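One structure is given here, and the rest of the page talks about it.
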Amino acid sequence: MGTVGTGFSMSLDGYIARPDGQVGPLFDWYTEGETPLAVTIGDQPMAVTQDAGEMLQQASQATGALVTGRKLFDQTQGWGGRHPLDVPIIVVTHSIPPEWEKPPYTFVTDGVPSAIAKAREIAGEKKVAVASASIVQQCLNAGLLDEIHIDLIPIVLGKGIALFDQLNAEYRLECVEVKPMRNVTHLTYRVVR
C-alpha cells in the first residue's frame, strides 16, 4: 500500500492561503516558468521551471487518489470535475450533494479514517494525497499521515489559514529532500513514528 501524504504551497510564516481562502502569490511559482504543464489552475495554464515540471509530473504519476474536505471541495467547485492530479477524489462530508455523486467523486460521511481507508483501497500501491488543512490536521492527529511536502514561498502574509494550527501533540519530522528553485523551495518530510 502507498503512503499518505500532503503537499501545500506555504508562506514563510506558515500560511497556505489568505484569510478569505485565496492563495494569491503562493501559487505564482506555478505560472512563472517556461515549461508548460497539461493541467490548469482554474482557467490559468501552468508553466513552471523544467525542474519543477519534472517534480510535479513524478508526483502526479505516483498519486492514486486524493482526500479532501467538503469546504475545499465547495470552494473549488469540485475542481470543475477534474483535479489537476486527475485522480479519484474522496470527499469527507456530513452530507452528500446529489448533484456531485458521480465519478471521479466518492463521498464519505463517517470520518477521516474511513476516507483514508477508501482512498488507499482506490489508490492501491500508489500514494494517497490529502488536501485541505483540517483534513491534514486530523490525519496527523490520528497517525494516518506519512509525508508532508511544503513548497515554501519567500513571502510573509502576516495572517491567513495556517496548515498546522489545530494539532493535539508535538510531531517530529525527518527531512528527506530539499530542492531550492526559483521563487520556491521544495521541502519533503517524513513523519517520524
Among 172, 120, 82, residue whose mean-square fluctuation peaks in a GNM of the chain (springs only between Cα atoms under 10 Å)
172
Could you work out the relative contact order of the stretch 4-191? I mean the mean sequence separation of Cα pairs under 8 Å and 6+ apart, divided by the number of residues, in percent.
30 percent
Determine, for 181, 10, 55, 1, the number of other Cβ atoms within 10 Å of each Cβ, and report the residues in order from fewest to most.
1, 181, 55, 10
In this structure, the FRET efficiency calculated for residue 141 and residue 51 from their beta-carbon separation, with R0 = 25 Å, to the nearest 0.05, is 0.15
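Quote the charge dipole size of the chain about the Cα centre in Debye, to the nearest 20; the model charges only the Cβ of Lys and Arg (+1) and of Asp and Glu (-1).
The calculation lands at about 340 debye.
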Translational diffusion coefficient of the stretch 95-143 at 4 °C, 1.567 mPa s, Stokes-Einstein with Kirkwood Rh over Cα pairs, in µm²/s as a whole number.
109 µm²/s
In a GNM of the chain with a 10 Å cut-off on Cα contacts, which of 183, 168, 141 has the highest mean-square fluctuation?
168
When the chain is treated as a GNM, springs tying every alpha-carbon pair under 10 Å, which of 174, 99, 121 comes out with the largest mean-square fluctuation?
99
Cα extents of the stretch 139-193 along the principal axes, largest first, in whole Å, come to 34, 28, 14
Among 112, 67, which comes first, second and so on when ranked by fewest other beta-carbon atoms within 10 Å?
112, 67
Assuming a strict under-29 Å limit between Cα atoms, what lysine pair count do you get for the stretch 50-193 once near-sequence pairs (fewer than 8 apart, same chain) are dropped?
13
Along the charge dipole of the stretch 105-193, Cβ charges K/R +1 and D/E -1, which of 116, 180, 157 sits furthest on the positive end?
180
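Cα-Cα pairs above 27 Å in the chain: how many percent?
So the pairs more than 27 Å apart make up 25 percent of the total in the chain.
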Relative contact order computed over the stretch 109-193 (Cα-Cα under 8 Å; 6+ residues apart), in percent
29 percent
Provide the percentage of antiparallel DSSP beta bridges, counting only those with both residues in the stretch 1-122; round to the nearest 5.
35 percent
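Values quoted throughout were computed directly from the atomic coordinates according to the rules given, and no laboratory measurement underlies them. All values reported here derive from a predicted model rather than from experimental measurement. Note that we place each Cβ from the backbone using ideal geometry, even for glycine, and neighbour counts take in every protein chain shown.
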